[in-house]
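Written below as structure tokens is the structure these notes are about.
The values are calculated or read from the model by the stated rules, or taken from the named source; none is laboratory data. Since the structure is predicted, the reported quantities are computational estimates derived from the model, not experimental observations. Heads up, the Cβs are rebuilt from the backbone with ideal geometry, glycines too, and the neighbour counts pull from every protein chain shown.
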Amino acid sequence: MLSLSVVTPAGVVLQQQVDEVTVPGLLGEFGILPGHIALLAATRAGVVSYRSGSERGRIAIAPGFAEVDGKDGVVAMSQRATRANKIDRAAAESLLQDADARLAKADGKAGAAAPLPPAERAKAEADRAWAQAQLDALRS
């Protein structure tokens, strides 16, 4: 068994014993099973999925880090994380549409006179990734 913890600055989102975990790494998803070697990896916005017996769970996370301690402990650290059963689909869809509109404006589409400043573009990209991660977590 693995001891999985998903934590944010606001607190612990999940702490549970699980059989396996899948984490969205920067270069793609990676799986963790008991006995995995120690590692520290950057994560992208996406879905942490886990299985404990026949129970399966999904958590949307923003970018962050995942640590495997080499002793069957896994910690996913992120600025934001939400269990799939706590996600507001309408709010996530609204955020996605808003972020897409801001990015279209930044790309000179939708009649924009000037591109967005880099910080505003980065915020729109982060909002889009977070909204998509939430919607992906709702898919089973």
Worksheet item: Got at least one residue in segment 120-140 being of a type in the set (Ser, Thr, Tyr) and either closer than 19 Å to residue 6 by Cβ or surrounded by 19 or more Cβ atoms within 10 Å (Cβ to Cβ) (or both)?
Response: yes
Worksheet item: Which residues, taken from segment 34-50, are more than 20 Å from residue 126 (Cβ to Cβ) and not in a loop (DSSP other than H, G, I, E, B)?
Response: 39, 40, 49, 50
Item to complete: Under 8 Å between Cβ atoms, at least 6 apart or on separate chains: pull out the pairs that start in segment 33-50 with a residue that is in contact (Cβ under 8 Å) with a residue 12 or more places away in the chain and buried (at least 19 other Cβ atoms within 10 Å of the Cβ) and end on any residue that is aromatic (Phe, Trp, Tyr) and not in a loop (DSSP other than H, G, I, E, B).
Response: 43/65; 45/130
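Tally up the residues in segment 51-83 that are part of a strand (DSSP E or B) and either of a type outside the set (Ser, Thr, Tyr) or surrounded by fewer than 18 Cβ atoms within 10 Å (Cβ to Cβ) (or both), please.
Adding up the residues that qualify gives 21.
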Discussion item. So in segment 1-18, with the set limited to residues that are over 17 Å from the mean Cα position of the chain (by Cα) and buried (at least 16 other Cβ atoms within 10 Å of the Cβ), which one is farthest from residue 60 (Cα to Cα)?
Written reply: 2
Worksheet entry | Matching option when the condition is touching a strand residue (DSSP E or B) at 6+ places or on another chain (Cβ under 9 Å) and farther than 19 Å from residue 137 by Cα, among 6, 74 | 74
Worksheet item: Just checking, how many residues over segment 89-108 are under 15 Å from the mean Cα position of the chain (by Cα) and over 16 Å from residue 126 (Cβ atoms)?
Response: 0
Discussion item. Please pick out the residue among 64, 73 that is modelled with pLDDT of 95 or more and more than 20 Å from residue 44 (Cβ to Cβ).
Written reply: 73
